[in-house]
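*Asks:* I have a structure here, written as structure tokens, and I will follow up with some questions on it.
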Amino acid sequence: DLTESIRLDPKAARGFSNRGNVYAATGQLDKAIDDYTDALRLDPNLQMTYSNRGNAFDLLGQHKKAIADFDHAIQLDGQDSEAWRYKAWILATSPDGSIRDGKTAIECAKKAYDLTRGGDPLCIEALAAAYAEVNDFPAAVKWQEQAVSSGSPDREGAAERLALYQASRPYRSSPAKP
């Protein structure tokens with residue numbers, strides 16, 4: 001249906017963005033990125049499309065592109081807690097050391113935490129990961145324990161990260177699979 005919608009109105013940016021969401025949800029990340037890019041070419045003010053494309057780039061292990069998209073999303077809407085959180089997570093956990101930046105990750109995670117008033121366990125986890133990146137493991141443990149107790153959607157992963165921080169080791173996300 002979205003393809004037909006695009007055929008009927010090839011200048012409708014939201015058609016491309018929505019079809020990109022479908023491609024992303026079905027694991028067709030390259031197609032999703034192409035559609036998000038087309039949508040942004042047509043309307044560079046689609047803030048959520050930058051975040052969605054950033055997520056796709058992240059899943060493909062293209063962290064520099066993901067961060068650039070999250071920066072665009074934040075520039076368009078500085079109140080987008082998810083963009084702040086995703087940026088913090090990448091800066092804290094990327095397997096590529098040239099991308100990690102613990103100090104900035106803490107700033108981004110704090111912003112996400114504040115925007116959600118501490119109510120999003122994923123923002124709390126990002127904060128824990130950021131503290132682990134700067135080797136502040138007592139803070140990382142404290143925040144990760146809070147994430148676990150507040151109902152992290154990835155309970156098993158959250159417990160594994162807590163064990164890492166308790167052993168004074170940072171978490172690294174898995175490199176993208178080709």
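*Asks:* On full extension of the chain, what length is gained from Arg169 through Asp30, given 0.36 nm per residue of separation minus the C-alpha to C-alpha distance?
*Replies:* Value of the extension gain: 46.7 nm.
*Asks:* While we're here: Between the stretch 27-58 and the stretch 149-164, what's the alpha-carbon centroid distance in Å?
*Replies:* The stretch 27-58 and the stretch 149-164 have Cα centres spaced 29 Å from each other.
*Asks:* Also, I was wondering about something else. Once fully extended, how much extra length lies between Ala68 and Thr3, figured as 0.36 nm per residue of separation less the alpha-carbon to alpha-carbon distance?
*Replies:* 20.6 nm
*Asks:* Using a 1.4 Å probe over the heavy atoms of the protein chains, calculate the carbon and sulfur portion of the accessible area of the chain as a whole percent.
*Replies:* Summing carbon and sulfur atoms, their accessible area is 49 percent of the total for the chain.
*Asks:* How high is the relative contact order of the stretch 1-137, in percent, with contacts defined as C-alpha pairs under 8 Å that are six or more residues apart?
*Replies:* About 15 percent, as a whole number.
*Asks:* Provide the per residue accessible area, probe 1.4 Å, for the stretch 132-176, rounded to a whole number of square angstrom.
*Replies:* 57
*Asks:* For the stretch 1-42, rounded, prolate or oblate, judged on the Cα gyration tensor with a ≥ b ≥ c (square roots of eigenvalues), a/c < 1.5 rounded, else prolate if a/b > b/c?
*Replies:* Taking the square roots of the gyration eigenvalues as a ≥ b ≥ c, the stretch 1-42 is oblate.
*Asks:* Ordered by residue, what ³J(HN,Hα) values in Hz, to whole numbers, does the stretch 140-154 give under the Karplus form 6.51 cos²θ - 1.76 cosθ + 1.60, where θ = phi - 60° and Gly and Pro are x?
*Replies:* 4, 5, 4, 5, 5, 4, 5, 4, 5, 6, 8, x, 3, x, 10
*Asks:* Then there's this: So what's the angle, to the nearest 10 degrees on a 0 to 90 scale, between helix 47-59 and the longest Cα principal axis of the chain?
*Replies:* 60
*Asks:* Ordered by residue, what ³J(HN,Hα) values in Hz, to whole numbers, does the stretch 134-139 give under the Karplus form 6.51 cos²θ - 1.76 cosθ + 1.60, where θ = phi - 60° and Gly and Pro are x?
*Replies:* 9, 6, 9, 5, x, 5
*Asks:* Let me ask something else about it. Run the reach check for Lys64 against lysines, Cα to Cα strictly under 18 Å, same-chain hits fewer than 8 apart removed. What comes back?
*Replies:* Lys64 reaches Lys87, Lys103, Lys177.
*Asks:* I would also like to ask the following. What shape does the stretch 127-178 take by its C-alpha gyration tensor, where a ≥ b ≥ c are the square roots of the eigenvalues and a/c under 1.5 counts as rounded, a/b above b/c as prolate, and the rest as oblate?
*Replies:* Oblate is the answer for the stretch 127-178, as a/c is 1.5 or above yet b/c matches or exceeds a/b.
*Asks:* Something else now. How tilted is helix 121-133 with respect to the longest principal axis of the chain? Cα atoms for both, answer in degrees (0 to 90, nearest 10).
*Replies:* That helix lies at roughly 60 degrees to the long axis.
*Asks:* Is the shape of the stretch 59-150 best called rounded, prolate or oblate, per the rule: a/c under 1.5 gives rounded, else a/b larger than b/c gives prolate, else oblate, with a ≥ b ≥ c the square roots of the Cα gyration tensor eigenvalues?
*Replies:* The shape class here is oblate.
*Asks:* Right, something else. If you project the alpha carbons of the chain onto their three principal axes, what span does each projection cover, largest first, in Å?
*Replies:* Largest to smallest, the principal-axis extents are 56, 34, 30 Å.
*Asks:* On to the next question. Run lengths n ≥ 4 of DSSP H only: what is the helix-derived mean residue ellipticity at 222 nm for the chain, with -39500 (n - 2.57) per run over all residues, to the nearest 500?
*Replies:* Calculated from helices alone, the mean residue ellipticity at 222 nm is -22500 deg cm²/dmol.
*Asks:* Return the sequence-ordered ³J(HN,Hα) values of the stretch 160-170 in whole Hz as given by the Karplus equation 6.51 cos²θ - 1.76 cosθ + 1.60 applied to θ = phi - 60°, using x for Gly and Pro.
*Replies:* 5, 5, 4, 4, 4, 5, 5, 8, 6, 10, x
*Asks:* For Glu156 and Lys110 in the same chain, what is the full-extension length gain: residue separation times 0.36 nm, less their Cα-Cα distance, in nm?
*Replies:* Between Glu156 and Lys110, full extension yields an extra 14.2 nm.
The values are calculated or read from the model by the stated rules, or taken from the named source; none is laboratory data. Because the structure is predicted, anything quoted here is derived from the model rather than measured. Protein only, heavy atoms only, side chains kept; ligands, DNA and RNA dropped before computing areas. Shrake-Rupley method; radii C 1.70, N 1.55, O 1.52, S 1.80 Å.
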